[in-house]
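The values are calculated or read from the model by the stated rules, or taken from the named source; none is laboratory data. All values reported here derive from a predicted model rather than from experimental measurement. Ideal geometry is used to build each Cβ from the backbone, glycine not excepted, and the neighbour counts take in all protein chains shown.
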Amino acid sequence: MPTANNPFQVALNQARALHQRRQYAAAEAAYKKLLQAPGAAETVWSHLLQLYVQTGRPAQVIESLERLISLRPDEQFYYEKLANFYQGQGEGEKAVECYRRLLKRQPKMADAHFNLAFLLRLNRHFDQAIEEYRSALSLGIRQPEEVHLNTAAIYADNLRDDSAAEQALQQALSLNPSYIPALLNLANLREEQGKKEEAMALYEDILATSPDHPDALARLANLSTITTKDDLILKRLDSAASKPGIEAMGKAILHYASGKALDGIKAFPEAFAHYRAANEASRGDGSRPYDRRLQEQLTTALIQTFSKDWFQRLEPISDAAPVFICGMFRSGSTLTEQVLASHPEVTAGGEIDFFPSLVRGKLAPFPSSVIKAEHGKLREIAQEYLETTHAMFPEAKNITDKRPDNFLYLGLIKMLFPKAKIIHTTRHPLDTCLSVYFQYLSGQQAYAKDLMDTGHYFTEYRRLMSHWQALFGDDTFEMNYDQFVLSPKETLEGLLAFLGLPWADECLEFHKAKNSVKTASYWQVREPLYARSSNRWKNYESALLPLKAFLEERGIAC
């Protein structure tokens, strides 16, 4: 490589100076002049890559990375960058192919098999992902317990095979008995299965090694019986949350747990203070803040794209009639699914990520991509959904897909499956918004971290659901939580009739079901039906006055 004082280095510094001053065209020309210098290609293409990323030129980003791969064809670094770029652009299959190319040259590169497995899971190739994880293990990858952990996640979350998930977690723990991620996931699995005492014992094992572990301490608190504000576990939560250097999300998790415990003993002002602290801390999780304007634009785009005229012009895609349960998060969707799952002809699918993943990937940018989508491609997507759910539940007669935010994709769903049945879960607007605020959802639900943002999102959800109701009214059923609590038998009769199912007494004994429940509500639905969550907002009425006024100004009765 040329020395710092030779003509090449001087010219490179000049090109970099232009780049730093954002004189991108001049910098690009200057860089390209240097490509012929001996031994300079990798350095120059690396600078060009940075420039193209900064200026948003995807074709040139890909060209730069391909050039760098041609210079270093047996090293993982540039393949990884190209794969990550393709995945970020919604081209998951091309991302996968990057690692396939590398592994053709370097089939014994364990880390490449691991990374390929990760991408295969993102792109819903679950069986292939497991095979790649096995290849990584057979090649002696470092930290094999992490491979078993990731394999367990596929079995538990994607393939819904809890037995295989537990086996993978036990394999991880046989290699590293104090491996906290595996202990934590095994404890969560025990909770999903309703095995409270076993879950608590595992959380205690984690805390014996890491006394202030936020997840383990918070989960243990949620499972504990707390009767006073002086309870020892509340003190442990406060102590851990105040430790110097605690990460934002750890602090948030601890405050959510304190809020839940204090709400349970009716210490409502103290509970709300902790929930406020939890949401303030959760804003530091690195996710994008909620953008009201963008949400309004999305709602408008969905309404305009999936219009009545649009549906009248569509050719049929599939005559299958899958069942979807959707609405706002925390609106009773888990309860509804658990009730239906107690019916002998229904299997609970849980929160299947098919449609959110689809619009982030194959159908990005959504919804504009739908306008030009070929009929054959849509038919393939419909078949893929049916094959996905069948692979998860091969013996099921009727599967419920309980992904609440599928309400955003009902136009797409009804486009693919005109006979689909939609169960729309609702409850009192203030109870819904409050419950969202009281539960950490994820960075993708950024609206949940501020009550007024939650209120705004609620108004957009209502605007969109009104549109879907106008289009698909005969194929939708409103399952109102508050009405179900008051009149369970009558409400259930209507729901089962809507689905064409015979009456089943077991549905009112849903809390006795032995199935695995994979949402934050898994303990609530293991109790008999109760009314204490209805009108819960009245416990926090003074704090909710601005939200109440905001909703009522927009025509939402509270």
- Query: Which condition number does Glu374 fail, the rest of (1) of a type outside the set (Ser, Thr, Tyr); (2) closer than 15 Å to Ile317 by Cα; (3) in contact (Cβ under 8 Å) with a residue 24 or more places away in the chain being met?
  - Reply: (3)
- Where in the stretch 368-420 are there helices (runs of 4 or more DSSP H), lying fully within it, with 3 or more residues that are hydrophobic (A, V, I, L, M, F, W, C) and at negative phi? 375-392, 410-416
- Message: I'm told Ala199 meets every condition in (1) out of contact with any Lys or Arg (no Cβ under 6 Å at 6 or more places or on another chain); (2) more than 24 Å from Ser282 (Cα to Cα) except one. Can you identify the failing condition by its number?
- Response: (1)
- Note on the structure: Being of a type in the set (Lys, Arg), out of contact with any Cys (no Cβ under 8 Å at 6 or more places or on another chain) and at pLDDT 90 or above narrows Lys518, Lys489 down to just Lys489
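For the stretch 11-32, indicate whether the set of residues that are at pLDDT below 90, loosely packed, with under 13 Cβ neighbours inside 10 Å and more than 23 Å from Val61 (Cβ to Cβ) is non-empty. Spell out the reasoning first.
Here is the first cut: in the stretch 11-32, the ones at pLDDT below 90 are none.
No.
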- Query: Restricting the search to the stretch 58-91, which residues are surrounded by fewer than 16 Cβ atoms within 10 Å (Cβ to Cβ) and under 25 Å from Arg21 (Cβ atoms)?
  - Reply: Pro58, Ala59, Glu63
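For every residue, the table says whether it meets (1) surrounded by 14 or more Cβ atoms within 10 Å (Cβ to Cβ); (2) of a type in the set (A, V, I, L, M); (3) in contact with a Pro (Cβ under 8 Å, 6 or more places away or on another chain).
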{"site": "Pro356", "(1), (2), (3)": "yes, no, no"}
{"site": "Arg360", "(1), (2), (3)": "yes, no, no"}
{"site": "Leu363", "(1), (2), (3)": "yes, yes, no"}
{"site": "Ser368", "(1), (2), (3)": "no, no, no"}
{"site": "Arg379", "(1), (2), (3)": "yes, no, no"}
- Per the filter on the stretch 220-245, residues closer than 26 Å to Ala182 by Cα, of a type in the set (Lys, Arg) and at pLDDT 95 or above are Arg236
- Query: What is the one condition in (1) within 28 Å of Lys243 (Cα to Cα); (2) in contact (Cβ under 8 Å) with a residue 24 or more places away in the chain that Leu232 does not satisfy?
  - Reply: (2)
- Message: Name the single residue that is farthest from the chain's Cα centre (by Cα) among those in the stretch 97-107 being buried (at least 23 other Cβ atoms within 10 Å of the Cβ) and of a type in the set (A, V, I, L, M, F, W, C).
- Response: Leu102
